[in-house]
Each structure stands twice: as C-alpha cells, then as structure tokens.
1. Take the residues in the range 87-133 that are polar (S, T, N, Q), within 20 Å of Arg204 (Cβ to Cβ) and out of contact with any Cys (no Cβ under 6 Å at 6 or more places or on another chain); name whichever of them is surrounded by the most Cβ atoms within 10 Å (Cβ to Cβ).
2. Kindly provide the set of residues from the range 145-179 that are within 15 Å of the chain's Cα centre (by Cα) and farther than 24 Å from His22 by Cα, ordered by number.
3. Please list, ordered by first then second residue, the pairs with beta carbon atoms under 7 Å, 6 or more apart or interchain, first in the range 118-145 and at positive phi and at pLDDT 95 or above, second open to solvent by 70 Å² or more (accessible area, probe 1.4 Å) and among the charged types (D, E, K, R).
4. How many residues does the range 183-199 contain that are over 13 Å from Thr100 (Cβ atoms) and out of contact with any Ser or Thr (no Cβ under 9 Å at 6 or more places or on another chain)?
5. Could you list all residues from the range 60-117 that are out of contact with any Gly (no Cβ under 7 Å at 6 or more places or on another chain), among the charged types (D, E, K, R) and at pLDDT below 90?
6. Checking the structure you have, find out if any residue of the range 180-203 is surrounded by fewer than 17 Cβ atoms within 10 Å (Cβ to Cβ) and under 17 Å from the mean Cα position of the chain (by Cα).
7. Would you be able to tell me the number of residues in the range 52-87 that are in a loop (DSSP other than H, G, I, E, B), among the charged types (D, E, K, R) and over 22 Å from the mean Cα position of the chain (by Cα)?
8. Could you run through the range 156-179 and say how many residues are of a type in the set (A, V, I, L, M) and surrounded by 18 or more Cβ atoms within 10 Å (Cβ to Cβ)?
Amino acid sequence: MRVIGLLAGNAVVDLVIGHGEHPDATLYRAGWIARRPVEARCCDGDVVVTLEVRPVSPADAPPADRMVVYEEPGTDEVPVIRQRVGAYGIVLSERGLLGTVLSRITGAPGAWNLPGGGLDAGEEPMAGLLREIHEETGQEVVAGQLLALQSDHWIGRAPNGGLEDYHALRIIYSATCEKPSRPRVHDLGGSTARADWVPVKSWRKLPWTRAARQALSQHLPSR
C-alpha cells in the first residue's frame with residue numbers, strides 16, 4: 001500500500017507502507033500528521049490511499065508504539081510474511097446496522113465484525129467492498145464516505161494452519177442499503193458464519209472485534 005498526503009490540495013508526501021508499519025507512524029517519521037482520508041484507489045496494481053495531512057508541530061507526540069501480537073509465542077516455525085489490504089463497511093438501513101459473525105476457521109469464532117474482506121489483485125477498494133458485502137450478506141449497498149484506515153500486525157495461525165506474520169490494512173467506508181433483506185451468506189465455508197441486522201441502539205452489547213468496535217465507536221452516527 002501507498003499513502004499520499006495532501007496539503008491545501010497539493011501532494012506533499014508519497015510513501016510506501018512497509019510490512020507491519022502503521023500509516024500514522026510512517027507519516028509522522030516523514031514529518032506529517034494524517035487528518036482525514038480522502039479516497040482509496042488501485043493504481044498499477046497497488047492500493048493508494050490519499051489523506052489530508054498537516055506538518056508535524058512541536059506539540060505533536062509521536063504515535064504510540066503498536067506491539068506485534070504473538071498469538072503463538074515460543075514456536076521455532078518461521079512464519080510466512082503477508083500484508084493484506086481489505087475494505088470494510090459501516091452499513092446502515094432501516095433495519096439497523098449490518099454485521100457479520102466470524103466462523104470457527106478464524107482466530108475469533110463467534111465475534112461480530114464489519115462486513116468486508118480482502119481485496120483481489122488489481123481490484124478497486126470500493127468495488128471490493130461491494131463484492132465482499134454481497135458474498136458475506138447477500139445485500140446490495142451503496143458505498144459512501146471513506147472513513148478511516150486501520151492497521152494491525154500479529155503473528156498467528158492462518159485458517160489453513162500455517163503460521164503467518166500478518167499485517168492487516170483495513171479501509172473503512174460508510175455505506176447504505178436501500179432495500180435491506182434477510183442477510184444470507186453466499187461464500188460458504190469462509191470466514192463468515194452468518195450475518196444479521198443489528199439495532200443501532202444496542203450494537204455495543206455484542207462482542208465485536210477490537211477493530212470493528214473502534215471503527216463503530218468513532219464513526220457510527222448517534223441514533
């Protein structure tokens with residue numbers, strides 16, 4: 001992934017996010033603070049996220065260190081290095097908030113997550129979002145504003161049993177579903193066990209993944 005920083009509409013920084021690096025930390029080291037995301041697109045096979053930035057000031061503390069989470073410490077097995085870019089949506093309709101439940105092949109079976117998933121090679125982020133939401137929930141949605149760029153890094157077992165040094169970069173969008181129906185998982189045997197509409201007022205009562213809860217706490221409109 002690359003990030004491009006805009007200041008007053010002009011590109012002032014263009015950086016590659018290396019494996020395990022958080023975009024905020026990468027920008028800070030280059031002298032910039034991320035303000036808000038503008039767009040995400042695919043360019044020459046790479047995902048490029050454009051953000052508004054401002055120069056680092058003396059009052060700005062560096063981003064907190066994000067420790068690598070070791071889900072299986074002590075093993076001598078060499079993990080496979082993998083960076084994965086995905087697109088996810090905070091999807092709202094007259095039925096509520098759309099959520100998915102992770103399956104038993106994942107590291108957090110039973111946890112609720114935002115619908116979405118990894119992008120295919122060369123796939124536009126917004127197109128990947130719509131494809132993943134349909135595969136996981138059967139819903140047709142309209143993507144809205146680009147809300148956030150998340151980053152997590154851990155070492156653990158992949159669904160196939162292999163050990164991975166895994167860097168997840170998540171592009172978070174708002175989205176709406178104008179004709180909601182009963183969710184249905186089309187991608188059977190994958191990471192999603194089921195999907196459902198959740199009342200917006202009670203979403204906090206469910207066991208969301210840390211990343212999903214963070215995104216919802218920051219960007220879900222108050223109802």
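The values are calculated or read from the model by the stated rules, or taken from the named source; none is laboratory data. Small disclaimer: the values here were computed from a predicted structure and weren't measured. FYI the Cβ positions are ideal-geometry reconstructions off the backbone, even for glycines, and counts take in every protein chain you see. Keep in mind that these areas ignore ligands, DNA and RNA; they rest on the heavy atoms of the full protein, side chains included. Shrake-Rupley method; radii C 1.70, N 1.55, O 1.52, S 1.80 Å.
1. Across the range 87-133, the extreme among qualifying residues is Thr100.
2. Matches in the range 145-179: Ala175 only.
3. Matching pairs, first to second residue: Gly138/Arg184.
4. 2
5. Asp65, Arg66, Asp76, Glu77 - these are the residues of the range 60-117 that are out of contact with any Gly (no Cβ under 7 Å at 6 or more places or on another chain), among the charged types (D, E, K, R) and at pLDDT below 90.
6. No, there is no match, as no residue in the range 180-203 is surrounded by fewer than 17 Cβ atoms within 10 Å (Cβ to Cβ) and under 17 Å from the mean Cα position of the chain (by Cα).
7. Summing the residues that are in a loop (DSSP other than H, G, I, E, B), among the charged types (D, E, K, R) and over 22 Å from the mean Cα position of the chain (by Cα) in the range 52-87 gives 4.
8. So the answer is 4.
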